[in-house]
1. Scan the chain and note any complete DSSP helix (H) whose C-alpha atoms cover at least 20 Å along its axis and whose Kyte-Doolittle average is -1.0 or more.
2. Looking only at GLY343, GLY159, GLY42, which one moves most when the chain is put into a Gaussian network model with springs between Cα atoms under 10 Å?
3. Can you give the convex hull volume per residue for the Cα atoms of the range 6-104, as a whole number of Å³?
4. State log₁₀ I(q)/I(0) for the range 101-164 at q = 0.22 Å⁻¹ as given by the Debye formula over alpha-carbon point scatterers of equal weight, solvent excluded.
5. So, in nm, how far is label ASP20 from label ASP224 when the simple model puts each one 7 Å beyond its Cα toward the Cβ?
6. Kindly give Rg over Rh for the chain, based on alpha-carbon atoms, with the Kirkwood expression for the hydrodynamic radius.
7. For the charge dipole of the range 73-149, defined by +1 on Lys and Arg C-beta atoms and -1 on Asp and Glu C-beta atoms about the Cα centroid, which residue among THR131, PHE145, SER98 has the Cα displaced farthest towards the positive pole?
8. Nearest 500 deg cm²/dmol is fine: what mean residue ellipticity at 222 nm does the chain get from its DSSP H runs of n ≥ 4 alone, each adding -39,500 (n - 2.57), divided by its residue count?
Amino acid sequence: MTADRVPAMFDPAAESMPEDQRAGLQQRRLSGMIDRLLAAGGLQGRRLAEAGVTGGADVALADLPRLPMTGKTDIWSQYPFQMLAVPLSEVVTVHGSSGTGGRPTLVAYTRADLQLWARMCARALAAAGATRGSIVHNAYGYGLFTGGLGIHQGAIELGATVIPVSGGMTSRQVTLIRDLRPDILTCTPSYAIRLGEALAEAGLGPGGGLAIRAGIFGAEPWTDALRARIEQLLGLRALDIYGLAEIIGPGVAAECVVAADGLHVNEDHFLVEAVDPVSGAPVPDGTAGELVFSTVTKEALPLLRYRTGDIAALRRGTCACGRTLVKMSKITGRRDDMLVIRGINVYPSEVERVLLAEPSLAPDYLLVVDERAAQARLLACCEYITDAAAPASSSELEARLRAALGLSVQVSLEPAGTVPRTEVGKAVRVARWTGGDPPLPGLS
Ligand SMILES: [Zn+2]
């Protein structure tokens, strides 16, 4: 993409700020947040006091990895409003996500929090190439879920025209896309596929006169393979957006249309760390770790070092789009899915990526963690396609897995029908072998 086609940023001063200048801003904002948490005296304030922190001025940015963390169970235990750092009268709305034991993960917003959120979503839309002249077809669900209203307010903040169509009623969506000719589509990646198929059935596929240039897809993890499929189906640039209600909703990070190789984190408002999911220690840039955010400018529910459970790697440097904001990779797994094999963290999704890239293997596989000995080992049981033109040998696959994971994985190639079937994209296909018969016959 040539320089004259790089879309304008929504907030160029913040998004392309030199890193040292941003560090100063982050420092001031972190100190201010610590003071507010200490003054509010809630759970987080008490933890800071117990850690010996008496004021924001005591805390340098480099001290962040030593400060106490928060997690989803804190939000549940303080449900609904015990974690507020402002009086309830300052709260103008709430959003949330599904929780546990009948308690949603509820997050409160002040008027300033809503304005911040709108600006973050406006940044994401502008990074996708949206302008004041854009029409945004917003098919994220509206309601307690943050997707719909977050993007809605962002589009208005940008000055675009937003179509608040929400999710579902696909035939009505097809009519609106045909008649209103949006240039930006926002929805979950799975709904993008559904909508793309419905548009194609209506004769509105690529070449059928669609005006959509880019789509911003999030609220569920998705792969680059799905990106290619969406782009082919809808004839647009498919971009990832990341967020979670606890931090603010969508707009925590978003891909730019120029590079589309990772999501720019709005780190002037959401300090981001990647940590080892077990030890909590920082991992180096480029290494997958659990994302931890500190919402340094939020008022109602500021969260210090919130553990997301989402696994991704961070990457620094100036992007071709001009942004200096750190990039996070696509989410490659969840903390809860992680396996520890001989001290090495392994995400089943990483193994899957290597296996599914091999055309002579069927998509059905089972990972077996052999825990019979003190040192666990990992086995990958894969089904081969009987009439594959160039079948891969197990030693070739083992070499690829070693290169990708830094770990020896024993590959066993099985005939079709050996591996138990699971719903595509659903279950993490892992079995533990602690003794007795192997999870699949014939393993040793
Ligand atoms: Zn960029």
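Every number here is computed from the coordinates shown, using simple stated rules; none is lab data. For clarity, every value in this text was computed on a predicted model and none was experimentally measured. All Cβ positions, glycine included, derive from the backbone under ideal geometry; neighbour counts span all protein chains shown.
1. 19-40, 111-127
2. GLY343
3. 164 Å³
4. -0.86
5. That separation, rounded to one decimal, is 3.5 nm.
6. Rounded to two decimals, Rg/Rh equals 0.99.
7. With unit charges placed on the Cβ atoms, the residue in question is THR131.
8. -8500 deg cm²/dmol
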